[in-house]
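What follows is a single structure, written as C-alpha cells, with notes after it.
The values are calculated or read from the model by the stated rules, or taken from the named source; none is laboratory data. Treat the numbers as computed from the prediction; the structure is a model and nothing was measured. Note that each Cβ is placed from the backbone with ideal geometry, even for glycine, and that neighbours are counted across all protein chains shown. Only protein heavy atoms, including side chains, enter the accessible area calculation; ligands, DNA and RNA are left aside. Shrake-Rupley method; radii C 1.70, N 1.55, O 1.52, S 1.80 Å.
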2 protein chains.
Amino acid sequence: MSRISPLQKARAAYQPKLPAALRHGAAVRIVSGEATTAAGDVEAIRKLFAATFGSPVVTFEAAPGCAGKAFNVGVILSGGQAPGGHNVISGLFDGIKSLSPAGRLFGFLRGPDGLVKNEYMELDAAFIDLYRNTGGFDMIGSGRTKLETPEQFEQARANCEALGINAIVIIGGDDSNTNACVLAEYFKSRQIPIQVIGCPKTIDGDLKNEWIESSFGFDTACRVYSELIGNLCRDANSAKKYWHFIKLMGRSASHIALECALQTQPNFAIISEEVAAKKMTLGQIVDEIVAAVVARAEKKCNFGIVLIPEGLIEFIPEIKALIAELNELLAANAAEVDALDAKGKAAFAAAKLSADSARVFKSLPEGIQNQLCNDRDPHGNVQVSLIETEKLLAGMVKARLAELKKAGKYSAKFGTQTHFFGYEGRCAAPSNFDADYCYSLGYTAAALIGAGCTGYMASVRNNIEGADKWIAGGIPITMMMNMERRHGADKPVIRKALVELDGAPFKYFAAHRAEWAVETAYVYPGPIQYFGPSEVCDLVTKTLSLEQGKGI
Amino acid sequence: MSRISPLQKARAAYQPKLPAALRHGAAVRIVSGEATTAAGDVEAIRKLFAATFGSPVVTFEAAPGCAGKAFNVGVILSGGQAPGGHNVISGLFDGIKSLSPAGRLFGFLRGPDGLVKNEYMELDAAFIDLYRNTGGFDMIGSGRTKLETPEQFEQARANCEALGINAIVIIGGDDSNTNACVLAEYFKSRQIPIQVIGCPKTIDGDLKNEWIESSFGFDTACRVYSELIGNLCRDANSAKKYWHFIKLMGRSASHIALECALQTQPNFAIISEEVAAKKMTLGQIVDEIVAAVVARAEKKCNFGIVLIPEGLIEFIPEIKALIAELNELLAANAAEVDALDAKGKAAFAAAKLSADSARVFKSLPEGIQNQLCNDRDPHGNVQVSLIETEKLLAGMVKARLAELKKAGKYSAKFGTQTHFFGYEGRCAAPSNFDADYCYSLGYTAAALIGAGCTGYMASVRNNIEGADKWIAGGIPITMMMNMERRHGADKPVIRKALVELDGAPFKYFAAHRAEWAVETAYVYPGPIQYFGPSEVCDLVTKTLSLEQGKGI
C-alpha cells in the first residue's frame, strides 16, 4: 500500500451531501411528469428510438423504510478524466446497497472496451473506500471506444447475462450518453432485461441543458485553472514585467475560458463562439489584444493576462478554411509533397492554396506554417491540437507591437510567458460541489435502476441551492437529442452546449471586459478548500450562478 | 475597490502564529551568545566589515509590559516574488506598533530603487489590512537593483534622514542580504544611526544554513507545484497514455525539484547537484530516463512523471563547456556569424567548436542547436533560461526509444506532454507555515530594531515544532559569509546552499527512487489547505523534516 498524503487521508472521511429525496436510500417513490419529445428532428428520433422514446421526466420523493430488490450493476467510465468520477461510482455503490445489501457492483475496466471484452472487477466496500472523494479515473480506468455496433451490443449482453447484471451505468460525455441511449434502445426493443443509465461527465461544460444544469468535473477543473490564473495575475501585478498568454483545455466550447475569466477578471479572454459568430480573422484577434496592451502601456502597466480557449483555431473561419484546403491539397499531392523538406512543403502549399488561404497562410509565423504542413495525423490531417495557439498569438502580438514601435505609436517593453493548463485539472480531487454532485448522480442512477428506468440520464438539478434542496431524478436521453451530420451521415446526438452569446454568463463578461482590459481588476480565487467556512468551501461556478439568475 | 474572492476574504482574518517570546510584543529581553566569526575567509570578511563583524547571535525572551521607543522603519522587497512577503511586512508593522504606537512604517517602492530614488509610501493600518496573508509583492512592488555603490548608500542615507527613518528592513535572497550587510557596515562605520536588518526570502530554498532553517516562500511554492504534479500523476495513472516531462523553477539549486519529488514520488527526478558531482553527460541522463521507460513498459505502464530542475543545463559539465565555447566563438566572429541564416550559424559552430563540444552540439536536436546560436542576450551570450529542457529531454528520450524499437528492444507506445511550473507558485497565498513564519520574521525584525541591532538577519528557528516553540532572534550576516569569485573579482557573499548529496533529504530520495521509477507509487498532496485539521494545514516541508532528523 502506497503512502497517502495528509489531505487524502482527511478527505477520505468526507461524507458527500445528498438531495433530501435520497436521504433514506435509493428506494424512492417515483413522480412521473408528462411524456417527452426530442430536442429536434422529432420524427427521426422517434423512429430510431421506438422503444425508449417519449418516456416521462421523473423525479423522486423519499420513501423511508422502503426496500428494493437486489440489483447487480456494471459501471463504465468513458472518455477523458473529470474530477468526481470515483464519487459517482461510490454513490452508485451506496445506492445499490441501500436497495438491498445483496446487490453487487462490477466495474468494467478501461472504458467501454471492458464491457465488450468482459474485462471487469467486482467493486467491494473496501475497494470503494480507497477511492471516495479522490480525483482521477484510475479506480477502473477509462477508454474511448465507442459502443455503437450490434456486435458490441451482443457481446455486452452476453457478458452481462453471464454476470447476472441487471443494469449498466455509463459515465461519460455527450457521445457516450448518446451511445448509452442506443444501447438502452437495443436492449429494450429486444426485451433484454438490462437497463442502461447515463451520467453527465465533462470538464468542458458542454453537456448542459434545461435538465442537466452541470456536467461534473467542470467546477473542479475550472477552480484549479482559476487558482493558477489568479496566481499568475498576482505575479504579473507584482513583477510588472510579463504578459502571460494562457491556453485552457476545452476543444469544442469555451465554457472553461469563460468561467475562468469570470473567476479571475483577466485583461483579455477569447471566447471561440464569439469569434465564430463575428467571423473574426486571426489578425482581428491580434489587433484587439494589441489594443489592450497599448492602452495598458499608457498607464505604465506593461503586464497582463490573456486567456485562450484550446479550440480557438477551429473557430476562426479563415483558419478553418485554410486547414480544410490544406488537408485536401496535401492529401491529393501526397507523393510529391512527402519528398519535399519543411520549407519546400510550405512553399508548395503557399503556391497552390486559394488566394484567400494563401494570404492567411503567409501571415502565420514560419514555425506554424511548418507545423501545418508537417505534423499530420495518420489520415494526413493537420493536427490542430498540436498548434501552440498561446505562442502563436504571443508571437503575432509581439510582431505587431514592433511595427507600432517603428511607427512611433508604442514605446514600452513587451515580455511574454506562455502556459497551457489542461492535464493539471482533469484529475484534481473533486471540490465539495463535485464530490456532492457526483455522489448524488451515482446514487440517483441507483434509484433510477431501482425504479426500472432505462435510457435515462441521471439528473440532479437546482444546483444553485444547498444539496438538501437538490432535485434528483431522471431525464429520457432521447429528449435531449436531435439529428446532426457526422462523418457524412445523419446521426442522433445530444446537442452540444456551446457558450451562448445571449446567455447571462457571456453577457456579464461582455459588460465588464472593457474595464478589465485596461484596469488591473484581478481576483485571486486561491486553491480549492475542502474544510473551513461554507462560503469558501461550498461554491458553485459563476457560470451556473449567472445562468440561474444570481449574481457572482 | 476591486472584487475579492471568498477565500481572500476569509483568509484576511487569519491571525498568524508567533513564537512564544514575541507574544507580548517586540520589546523583548535580548540574550546574546558568543561573538561570531565568518563561514570562510575570516580575515578578509573581518577587514571588509570592521564595524559589524563578530556580533553575537541573539535570541529573545518575552518581556511583558516592556514598552520600547518609537521607531520609523523603511521596508524593501528585493528580487523575485515569494509567498509571504506581505506577511513579513504586516509582522514588521505590528511589531513596530507594539514597540510604540507612534512608530511608523514606510514602504520603498519597486525594490531597492525606491530607497535610492526616494519613492515610497507610508503603510498605515488600513493599507496593511488589505494585504495580510496574501501572496505577491504587489503591495509595494519589488525590483532587482543591487545596492552596492557609495553613491546609492549616500542617497539612502539622505532619504532616510529626511523621513526620520531609524532602520531599514531588506527582504531578499542571498545577494540582497549580502548587500544589506554592506549597507549596515557603511552606516555603522560612519556612525550614521540607521540600522539595517535582512529577512531570508527565496522560493529556491538556497538561502539556508545552521541558523536559517527555511527561506520563506519555499514551502508554499513547493506545495503549489506538488499539487499540480500530483494531479498530473493521477492523470497519467488514469489515462495511461503519457509521460509528463515537468520543468520546475529554480536556477541554481534543485531544492524545489527534490522537495516536490519527496512530496509526490514521481518516476524520475533529476537533481542538478548530482549531475554535476557525477559529471554526467546529457546522453547519460537520457539513458537513465529511457531505462525507466523501458522497465515500466515491461509492466504495461506506458506513462510516467519526470521532474527536471530549471537550472539543469548549466550543471551538465559538457553542456557548460559547450556554452562557454559558443559564447566565445560567436562573439569573436560576430560579423561573419550575424550574416548567416539559422542553419548557417549552426554549421559554422559545428565546424569551429572543439571536437568534444562539436560532438555534444551535434547530438542536440536541430531546434536546440538553432536556439543556442540565435537566441542570444544583449551581451551575445546564450540565453540558457530560454532552453526548453523539458522538450529537449522528451525529444531525446523519444529518439532513443525509436532506436531501441528498430533494434527490437522496445515495442510500446511513447507519448509525451511537457510542462513548466514556475510563475504559478511564486505569488500563491502563503501556506499556514509561510504565513506564520513570515509574520514572525517581520515581527522579529522589529524586535531586532528595538534592541538596536544592525547587520543582522532575522532568524526564526526550530521550525519543525509548533510556532509557539519557534526560537526567534538574529544572526550577524557576516557570520554566513565567505569570499567568492564573481565577475572577475573576489566578493563577500553568503554561501549559497545547494542540495547536499550526503544530506538526509537527498539520501531519502536516493534510497527510494529505484522503486518509484518502476512502481506507480505516486502521492497526491492536493491543494494547500488553510482551514481544517492541523495535520492537513500546519505542515512543514519534507526537506526540513528530514534535515531535522524526522521522517516524512
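Mind listing whichever residues of region A:457-473 are open to solvent by less than 10 Å² (accessible area, probe 1.4 Å) and in a strand (DSSP E or B)? Passing the criteria: A:MET457, A:ALA458, A:SER459, A:VAL460, A:ALA472, A:GLY473.
With respect to (1) open to solvent by 60 Å² or more (accessible area, probe 1.4 Å); (2) part of a helix (DSSP H, G or I), the lone exception for B:ASP94 is condition (1). Cβ contacts < 8 Å: first residue under 13 Å from A:VAL73 (Cβ atoms), restricted to region A:106-129; second residue among the aromatic types (Phe, Trp, Tyr) and surrounded by fewer than 22 Cβ atoms within 10 Å (Cβ to Cβ), any location; separation 6+ or different chain. Result? Sorted first by the residue in region A:106-129, then by its partner, the pairs are A:PHE106/A:TYR120; A:GLY107/A:TYR120; A:PHE108/A:TYR120. Scanning region A:486-502 for residues that are touching a strand residue (DSSP E or B) at 6+ places or on another chain (Cβ under 7 Å) and either at positive phi or assigned to a loop (DSSP other than H, G, I, E, B) (or both) yields a single hit, A:ARG495. Across region B:16-48, the qualifying residues are those that are over 22 Å from B:LEU448 (Cβ atoms) and in a loop (DSSP other than H, G, I, E, B), and the one among them that is least open to solvent (accessible area, probe 1.4 Å) is B:GLY40. Taking the conditions exactly as written (modelled with pLDDT of 85 or more and surrounded by fewer than 20 Cβ atoms within 10 Å (Cβ to Cβ)), does B:ALA349 satisfy them or not? The answer is no for B:ALA349.
Among the residues of region A:243-295, write down those that are under 15 Å from A:ILE203 (Cβ atoms) and charged (D, E, K, R). Write out each step before concluding.
Quick first cut of region A:243-295, residues under 15 Å from A:ILE203 (Cβ atoms) only: A:247-260, A:263.
Hits for region A:243-295 are A:LYS247, A:ARG251, A:GLU259.
Within region A:277-295, the set of residues being without any contact (Cβ under 8 Å) to a residue 60 or more places away in the chain and buried (at least 18 other Cβ atoms within 10 Å of the Cβ) comprises just one member, A:MET280. I want to confirm something. Restricting to region A:205-223 and keeping residues that are among the charged types (D, E, K, R), assigned to a loop (DSSP other than H, G, I, E, B) and open to solvent by 10 Å² or more (accessible area, probe 1.4 Å), which single residue is nearest to the other protein chains (Cβ to nearest Cβ)? Only one residue fits best here, namely A:GLU213.
Taken over region B:129-168, the criterion of being over 30 Å from B:ALA12 (Cβ atoms), out of contact with any Gly (no Cβ under 9 Å at 6 or more places or on another chain) and β-branched (Val, Ile, Thr) is satisfied by B:THR149 alone. Does A:ALA67 count as touching a Gly at 6+ places or on another chain (Cβ under 9 Å), modelled with pLDDT under 95 and over 22 Å from A:ARG461 (Cβ atoms)? Against the criterion (touching a Gly at 6+ places or on another chain (Cβ under 9 Å), modelled with pLDDT under 95 and over 22 Å from A:ARG461 (Cβ atoms)), A:ALA67 qualifies. Scanning region B:224-262 for residues that are part of a helix (DSSP H, G or I), at the interface with chain A (Cβ under 8 Å from one of its Cβ atoms) and either of a type outside the set (Gly, Ala, Ser) or open to solvent by 20 Å² or more (accessible area, probe 1.4 Å) (or both) yields B:VAL224, B:GLU227, B:LEU228, B:ASN231, B:LEU232, B:ARG234, B:ASP235, B:ASN237, B:ALA239.
Go over the candidates A:ALA447, A:ALA428, A:ALA355 one by one and state the one that is more than 30 Å from A:GLY91 (Cα to Cα) and either open to solvent by less than 10 Å² (accessible area, probe 1.4 Å) or not charged (D, E, K, R) (or both). So that I can check it myself, show each step before the final result.
Numbers: A:ALA447 fails: more than 30 Å from A:GLY91 (Cα to Cα); A:ALA428 fails: more than 30 Å from A:GLY91 (Cα to Cα).
Only one candidate passes the filter, namely A:ALA355.
Examine region B:165-186 for a residue that is more than 22 Å from the chain's Cα centre (by Cα), assigned to a loop (DSSP other than H, G, I, E, B) and touching a residue at least 60 places away in the same chain (Cβ under 8 Å), and state whether such a residue exists. Taking every residue of region B:165-186 in turn, at least one turns out to be more than 22 Å from the chain's Cα centre (by Cα), assigned to a loop (DSSP other than H, G, I, E, B) and touching a residue at least 60 places away in the same chain (Cβ under 8 Å).
Please work out which residue is farthest from A:GLN529 (Cα to Cα), limiting yourself to region A:409-442 and to residues that are among the aliphatic types (A, V, I, L, M), under 20 Å from the mean Cα position of the chain (by Cα) and more than 12 Å from every other protein chain (Cβ to nearest Cβ). Steps first, answer last, please.
Here is the first cut: in region A:409-442, the ones among the aliphatic types (A, V, I, L, M) are A:412, A:428-429, A:435, A:441.
Adding the requirement that they be under 20 Å from the mean Cα position of the chain (by Cα) leaves A:428-429, A:435, A:441.
Filter again for more than 12 Å from every other protein chain (Cβ to nearest Cβ), leaving A:435, A:441.
Values: A:ALA435: 12, A:LEU441: 22 Å.
The residue in question is A:LEU441.
At least 1 residues being out of contact with any Lys or Arg (no Cβ under 6 Å at 6 or more places or on another chain) and facing chain A (nearest Cβ under 8 Å) is the threshold, and among the helices (runs of 4 or more DSSP H) wholly inside region B:503-552 those reaching it are B:534-537.
Of all the residues in region B:263-276, those that are away from chain A (no Cβ under 14 Å), part of a helix (DSSP H, G or I) and open to solvent by less than 10 Å² (accessible area, probe 1.4 Å) number 2.
Residues in region A:127-139 that are assigned to a loop (DSSP other than H, G, I, E, B) and more than 10 Å from every other protein chain (Cβ to nearest Cβ) were compared, and the one that is nearest to A:PRO430 (Cα to Cα) is A:ASN133.
Filtering region B:128-142 to residues that are over 22 Å from the mean Cα position of the chain (by Cα) and either open to solvent by less than 30 Å² (accessible area, probe 1.4 Å) or at pLDDT below 95 (or both) leaves only B:ILE128.
Here's a check for you: in region B:143-175, which residue that is buried (at least 24 other Cβ atoms within 10 Å of the Cβ) and at pLDDT below 95 is nearest to B:ALA51 (Cα to Cα)? Per the criteria, the residue is B:LEU147. B:GLY79 fulfils the conditions (1) away from chain A (no Cβ under 14 Å); (2) in contact with an Asp or Glu (Cβ under 9 Å, 6 or more places away or on another chain); (3) touching a residue at least 40 places away in the same chain (Cβ under 8 Å) except for a single criterion, (1). For region A:187-203, a tally of residues being farther than 17 Å from A:LEU441 by Cβ, open to solvent by 20 Å² or more (accessible area, probe 1.4 Å) and in contact (Cβ under 8 Å) with a residue 40 or more places away in the chain returns 2.
With the condition kept exactly as written, say whether any residue in region B:406-416 is farther than 19 Å from B:LEU92 by Cβ, touching a residue at least 40 places away in the same chain (Cβ under 8 Å) and not in a loop (DSSP other than H, G, I, E, B). Yes, because at least one residue in region B:406-416 is farther than 19 Å from B:LEU92 by Cβ, touching a residue at least 40 places away in the same chain (Cβ under 8 Å) and not in a loop (DSSP other than H, G, I, E, B).
Scanning region A:296-330 for residues that are open to solvent by less than 30 Å² (accessible area, probe 1.4 Å), assigned to a helix (DSSP H, G or I) and either basic (Lys, Arg) or touching a residue at least 60 places away in the same chain (Cβ under 8 Å) (or both) yields A:ARG296, A:ALA297, A:LEU312, A:ILE313, A:ILE323.
When A:THR149 is tested against the conditions (1) in contact (Cβ under 8 Å) with a residue 12 or more places away in the chain; (2) closer than 17 Å to A:SER176 by Cβ; (3) more than 14 Å from chain B (Cβ to nearest Cβ), the lone failure is (1).
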